[in-house]
Structure formats: structure tokens, C-alpha cells
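Values quoted throughout were computed directly from the atomic coordinates according to the rules given, and no laboratory measurement underlies them. On a predicted model such as this, the values are computed, not experimentally measured, just so you know. Neighbour counts are summed over all protein chains in view; Cβ atoms, including those assigned to glycine, are modelled from backbone coordinates with ideal geometry.
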Amino acid sequence: MNNEFRGKQQIKDLKILIVEDDPTSVMMLVIMIEDYCKSPLIALNGLEAVQLCKENPDIDFVLMDIKMHELNGYEATKQIRKFNKDLIIFAQTAFALPGDKEKSIAAGCNDYISKPYSQSELTGLINKYIKK
């Protein structure tokens, strides 16, 4: 077995939570991260995200949409940070405005990615944090 294959095997074991209220975006994200996670958890709003994070403390990454009904990504991240300071959370939004990245980081996100983004941009971001 070569090293590249072994690396992919380890990566496939990641537990990733997708927080996204748009079903098409959820399907796209599932495909984009399939080399890292076989069966991601899905939350359709911030309230579900907080609950899933409480129930699954072993989640490795969260892809957090910012603009959602019920509880937006900023508030969901703040709530998650109250009980999990170490979870890696990436903010993602289609409505990128000046200051959004800073607002995301201030809410507790580790990083920020603006939609639309490519699979290589997303996997590059994941790889950046896997190595830490």
C-alpha cells in the first residue's frame, strides 16, 4: 500500500457537519468532501447544528452557512463555542460583504470561504487544518 493511499484512507475517516439551508448546496458539498468524509452530518439551520455538535463531540469540521433562518451561522457558532472551543468551524456565505470574514472570526469561526468556491479551494482549506 503506498503512502498516498494510506493518507486518503485516514482522511476518509473525518466526521464533517454541513450546516446549510439550501438542498442543492448540501448535495454539492457532500460531493466536494467525499474524499474526506463518507457520510457527513447535515443540519438545515443553526439550531440543528448546535444540537448535532452537542450530540457528536467527535466532529472534526463544521461547514457553517452564515445566512440561515431560525439561527444564523454567527449565533450558532457562538453557541457551539460555549461547549466546544476546539472544533474547527469554517464560515461560508454567498453574500460576502466587506467585514464578513472578520465578523465570522469574531463569532468563533476558524476560517472563512466565500461562495461560490471550487472543490480545490474547499479541500485546500480542509488540508490546511488537518495538518495542524
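Among 50-57, 105-112, sorting by the average number of other beta carbon atoms lying within 10 angstrom of each residue, highest first, gives 105-112, 50-57. For helix 23-32, report the angle its Cα long axis makes with the longest principal axis of the Cα atoms of the chain; keep it between 0 and 90° and round to the nearest 10°. So the helix axis and the longest Cα principal axis differ by about 30 degrees. Summary of the geometry: region 89-132 and region 12-55, compared by the centres of their Cα atoms, lie 15 Å apart.
By the helix-only formula, in which each DSSP H run with n ≥ 4 contributes -39500 (n - 2.57) and the sum is divided by residues, the chain has a 222 nm mean residue ellipticity of -13500 deg cm²/dmol. In summary, the aspartates and glutamates within cross-link reach of K67, defined as a Cα separation below 20 angstrom excluding same-chain residues under 8 places away, comprise E20, D21, D22, E48, E75, D100, E102, D111. When region 3-130 is described by a simple charge dipole with +1 on each Lys and Arg Cβ and -1 on each Asp and Glu Cβ, the residue from H69, Q92, L44 located farthest towards its positive end is Q92.
Under conditions of 25 °C and 0.890 mPa s, the chain yields 166 µm² s⁻¹ as its translational diffusion coefficient, taking Rh as the Kirkwood radius over Cα pairs in the Stokes-Einstein equation. Using only Cα atoms, find the angle between the long axis of helix 73-83 and the longest principal axis of the chain, and express it within 0 to 90 degrees, rounded to the nearest 10. The two axes meet at around 70 degrees. Here, region 55-132 yields an orientationally averaged convex hull projection of 5.5 nm² when only Cα atoms define the hull. Only the Cβ atoms of Lys and Arg (+1) and of Asp and Glu (-1) were treated as charged; on that basis the dipole of the chain about its Cα centre amounts to roughly 460 debye. Computed from Cα positions, the angle between helix 119-130 and the longest principal axis of the chain comes to roughly 80 degrees.
Among V62, V30, the ranking by other beta carbons within 10 Å of each residue's beta carbon, starting with the fewest, stands as V30, V62. Highest mean first, the peptides 113-124, 76-87 sorted by other C-beta atoms within 10 Å per residue fall in the order 76-87, 113-124.
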